[in-house]
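The structure appears right after this line, and notes come after that.
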Amino acid sequence: MSTLEIRGLQVSVNTDAGAVEILKGVDLTIKSGETHAIMGPNGSGKSTLAYSIAGHPKYSITGGTVTLDGVDLLEMTVDERAKAGLFLAMQYPVEVPGVSVSNFLRTAVTALRGEAPKLRTWTGEVKDAMEALKMDPAFATRNVNEGFSGGEKKRHEIMQLELLKPKIAILDETDSGLDVDALRIVSEGVVRAKEANNLGVLLITHYTRILRYIKPDFVHVFANGKIVEEGGAELAEKLEANGYAEYVGS
Amino acid sequence: MSLLTTNYLSPTGREEAWRFTPLKRLGGLHDGTAKVGERESLSLKSGASGVSFERISRDLAPSPTETDDVVMQRVREGAHNVATLTIAANTEVAEAITLSRSAHGLDSAEFSRVRIELGAHARATVIMENTGDAFLAEDVEFALAPGSNLTFVSLQEWNTGSTHLAKHHAIVDRDATFKSITVTVGGSLVRLLPSVEFIGQGASCELLGVYFATEGQFFEHRMFVDHKVPNAKSRVNYKGALAGQGAHTVWIGDVFIRAAAEGTDTYELNRNLLLSDGARADSVPNLEIETGEIVGAGHASTTGRFDDEQLFYLMSRGIELADARRLVVRGFFNEIVTEIGDAVIQDRLMDRIDNELAKAGS
Ligand SMILES: Nc1ncnc2c1ncn2[C@@H]1O[C@H](COP(=O)(O)OP(=O)(O)OP(=O)(O)O)[C@@H](O)[C@H]1O
Ligand SMILES: [Mg+2]
């Protein structure tokens, strides 16, 4: 049983014109097995929240705390946070030229497990994970995200989620850019990871469609750098119908 | 000892061709004050049938293409023999032919002339391994007869303290293909002048290179591709990394498309990765075009630091900073190193790159 606890999180981004405050006090608690959806207008700070928890160097934490099972995540380097059990599926996965997917995955799993996996069982694991996400085996020899289509990048993120077995996963718009079939395939991957590892999920999305596959226990409305309303799955339907007008503006 | 009699105009450092080179560190190779020994250190390590290697008196060897490089002029006056590797016409050599130079000392300079000749439709890979202590000025000429195909790998893995100046000039005839992969990772000062001269239509070249300079090392790669006939194709791609105080690399890519060279297709690229402060990468692509009737001509040059987004992505999967940097640097060089096509050499180079990176610290 794990708990990710975010308290009063304030974050600013460093720009040429100085620091700009983006997150203005975020409170959120995610436990193993729970699914929390965050919905909110463009630019409200959802990705900033995701990146800040994962430790992206672009953001400065100006207040608040983030802990995983009581341990301060904000003091940790990015890789230490991953080793503590955190995973971020990115809105825009990064291309890494010259580094093959299989080399990348092997290096990652070795780092996370503290020892190199047995070659034979690992090859099988990767093959199964790729098959489950209907990815061509040829992706293993391609360079990380290089030339992948938008949807292929998202499948690759969820394949990593299944292979790396984190405790808490943040999925930043994993559903954006997926066709109808891919959305189902990717969602099933998330559900499998939840069932297999009692994963806690923070799912950032603009659409209710993915929530039909991955049922949220809680829905949070995010606007102007903080959570402005919380509810159950029904809140998502209401947002889809009415938009964010009542939350934005000042 | 050779007696050098000609009065050459020694470079002062103001000449375009010498403006980046630290002349003081050439040990007198540029102004004739270097003591020159009688060594001939190049040997054939592995040959094959249809392949001959012999030292030919320079009076009997074909005369080399004119050069305005003073050091090469001195080499031609000083070297009595031309080490000549010949691959007979229509010979396909499956295994790589290896030439090696090793540990020949720093007391006196070696002036060396080399000629690599491929007969019509011959096909071979030649690897030139350079290790040990070098004080060397080297003039290499390649003659590729019509339809021949040469892959030339030159490995500069010299010890610290070494100085190596070389010209690699390829004369490429009709439908012949010259591919070179130049690796410079060792030595104190290395200055290489790879050049290609197309003399027949349908000829092509691919000049690839990697270099990694650390503290105090100076590596210069100065290309010249001369499109003097129609329908030839050239590709240049050099990648370099630098780390440490005083690491300095220079890449110059001169491509000349003459009026007669209609249908030319050329592209050159140089990318540099600066891994620390105090290092400097100069990169100057230069395209001179005398005809508009071409297929394509372009160039690009970038010099940058580690990409934060790449490191973040890798680290977010649990990979430590040092390992993430290693993956990114290996990935950066991978595209060119794999072109060598020899697993032993490739692994050795990648290990060396890892070590250089580790030494450079984070
Ligand atoms: N370098 C920067 N300079 C200025 N503003 C920035 C910078 N980086 C981010 N921001 C701003 O921070 C705000 C929050 O961005 P963020 O990416 O977190 O939004 P989001 O909620 O994920 O939006 P979307 O739904 O479009 O993905 C935006 O207004 C964005 O313009
Ligand atoms: Mg976003």
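Throughout, read-outs are computed from the coordinates displayed, never taken from laboratory work. Remember, predicted model here, so these are calculated numbers, not experimental data. Cβ coordinates were reconstructed from backbone atoms using ideal geometry, including for glycine residues, and neighbour counts include every protein chain displayed.
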Derived scalar couplings ³J(HN,Hα) [the range B:140-157; Karplus, 6.51 cos²θ - 1.76 cosθ + 1.60; whole Hz; x for Gly, Pro] | 10, 10, 10, 10, 9, 6, x, x, 7, 9, 10, 10, 10, 10, 10, 10, 9, 10
Ordering of A:220-228, A:20-28 by packing [mean C-beta count within 10 Å, highest first] | A:220-228, A:20-28
Expressed in nanometres to one decimal, the distance between label points 7 Å along Cα→Cβ at B:Leu287 and A:Arg7 is 6.1
Express in % the proportion of alpha carbon pairs of the range B:72-118 at distances exceeding 12 Å.
-> 73
Whole-Hz couplings from phi, Karplus 6.51/-1.76/1.60, listed for the range A:63-71; x for Gly and Pro | x, x, 9, 9, 10, 10, 6, x, 8
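If you take each beta carbon of peptide B:328-338 and count the beta carbons of other chains within 10 angstrom, what is the mean?
On the way: counts 4, 1, 3, 10, 4, 1, 6, 3, 1, 1, 1.
Across the residues of B:328-338, the mean count of other-chain Cβ atoms within 10 Å is 3.
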Can you work out ³J(HN,Hα) from phi for every residue in the range B:206-211, in order, using Karplus 6.51 cos²θ - 1.76 cosθ + 1.60 and θ = phi - 60°, giving whole Hz and x for Gly and Pro?
-> 9, 10, 10, x, 10, 8
Here the gain from full extension of B:Glu66 to B:Thr12, 0.36 nm per residue of separation minus their alpha-carbon distance, amounts to 17.3 nm
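What FRET efficiency, computed as 1/(1 + (r/R0)^6) with R0 = 51 Å and r the Cβ-Cβ distance, is obtained for B:Asp307 and B:Glu77, rounded to the nearest 0.05?
Working: r = 49 Å, r/R0 = 0.96.
Taking R0 as 51 Å, the efficiency between B:Asp307 and B:Glu77 is 0.55.
Please figure out what share of the DSSP beta bridges in the range B:1-126 is antiparallel and state it in percent, rounded to the nearest 5.
55
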Sequence-distant residues sharing a close amide H with B:Arg191 (under 5 Å, placed H) = B:His164, B:Leu165, B:Ala166, B:Glu220
Report the FRET efficiency, 1/(1 + (r/R0)^6), for A:Tyr92 and A:Lys31, where r is their Cβ-Cβ distance and R0 is 25 Å, rounded to 0.05.
-> 0.35
Over chain B, how many percent of alpha carbon pairs lie in each 20 Å bin up to the one with the longest distance?
-> 30, 60, 11, 0
Listed by chain and number, the residues whose amide H is under 5 Å from that of A:Thr62, excluding neighbours fewer than 5 places away on the same chain and using placed H, are A:Gln10, A:Val11, A:Ser12
D for the protein assembly as shown, whole µm²/s, Stokes-Einstein with Kirkwood Rh over alpha-carbon pairs at 25 °C and 0.890 mPa s: what number?
-> 89
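Restrict the search to the range B:250-338; then list the GluC sites (Glu not before Pro) that DSSP places in a loop and that have at most 15 other Cβ atoms within 10 Å of their Cβ.
Those satisfying the criteria are B:Glu290, B:Glu293.
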How about the range B:262-362: which trypsin sites (Lys or Arg not before Pro) there are in a DSSP loop, with at most 11 other Cβ atoms within 10 Å of their Cβ?
-> B:Arg305
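Residue separation times 0.36 nm, minus the C-alpha to C-alpha distance between B:Leu23 and B:Arg55: what's the value? The partial results should precede the final answer.
Values: separation 32, 0.36 × 32 = 11.52 nm, distance 3.11 nm.
Extending this stretch completely gives an extra 8.4 nm.
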Cβ-derived FRET efficiency at R0 30 Å, A:Arg113 paired with A:Glu75, nearest 0.05 = 0.85
Cα centroids of the range A:21-74 and the range A:189-216: how far apart, whole angstrom?
-> 18
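Taking beta carbons within 10 Å but only from partner chains, what does the mean come to for residues B:176-188? Present the calculation step by step, with values, prior to reporting the outcome.
Working: counts 0, 0, 0, 0, 0, 0, 0, 0, 0, 0, 0, 0, 0.
Partner Cβ neighbours, averaged per residue: 0.
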For the range A:109-139, which trypsin sites (Lys or Arg not before Pro) are in a loop by DSSP, counting at most 11 other Cβ atoms within 10 Å?
-> A:Lys118
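Taking only complete DSSP H runs, can you tell me which helices of chain B stretch 18 Å or more along their own long axis by Cα positions and average at least 0.5 on the Kyte-Doolittle scale?
Details: long enough: B:321-337 (24 Å, 0.56); B:343-360 (25 Å, -0.32).
Helices meeting the criterion: B:321-337.
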Report the antiparallel proportion of the DSSP beta bridges in the range A:82-218 as a percent, rounded to a multiple of 5.
-> 20
Rounded to the nearest whole Å³, what is the per residue volume of the convex hull around the Cα atoms of the range A:145-201?
-> 69
Taking every DSSP bridge whose two residues both lie in the protein assembly as shown, the antiparallel percent to the nearest 5 is 20
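Relative contact order, percent, of the range B:120-192 when contacts are C-alpha pairs under 8 Å separated by at least 6 residues?
Details: 191 pairs, mean separation 27.1, N = 73.
Over the range B:120-192, the number comes to 37 percent.
Please give the contour-minus-distance gain from A:Asn198 to A:Ala19: 0.36 nm per residue of separation, less the Cα-Cα distance, rounded to one decimal in nm. The partial results should precede the final answer.
Numbers: separation 179, 0.36 × 179 = 64.44 nm, distance 3.81 nm.
The A:Asn198-A:Ala19 span can extend by a further 60.6 nm.
Ignore the peptide's own chain and count Cβ atoms of other chains within 10 Å of each Cβ in A:218-224; give me the average, rounded. Could you put the intermediate results ahead of the total?
Numbers: counts 0, 0, 0, 0, 0, 0, 0.
Partner-chain Cβ atoms within 10 Å, mean over residues of A:218-224: 0.
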Go from 0 up to the bin containing the longest alpha carbon distance in the range A:66-127, width 10 Å each, and give me the % of pairs per bin.
-> 18, 41, 32, 9
The answer for B:His121, listing residues at least 5 apart or on another chain whose modeled amide H is closer than 5 Å to its amide H, is B:Asn90, B:Gly147, B:Ser148
In nm, give the distance between the simple-model label positions of B:His299 and B:Lys45, each being 7 Å from the Cα along the Cα-to-Cβ direction.
-> 3.4
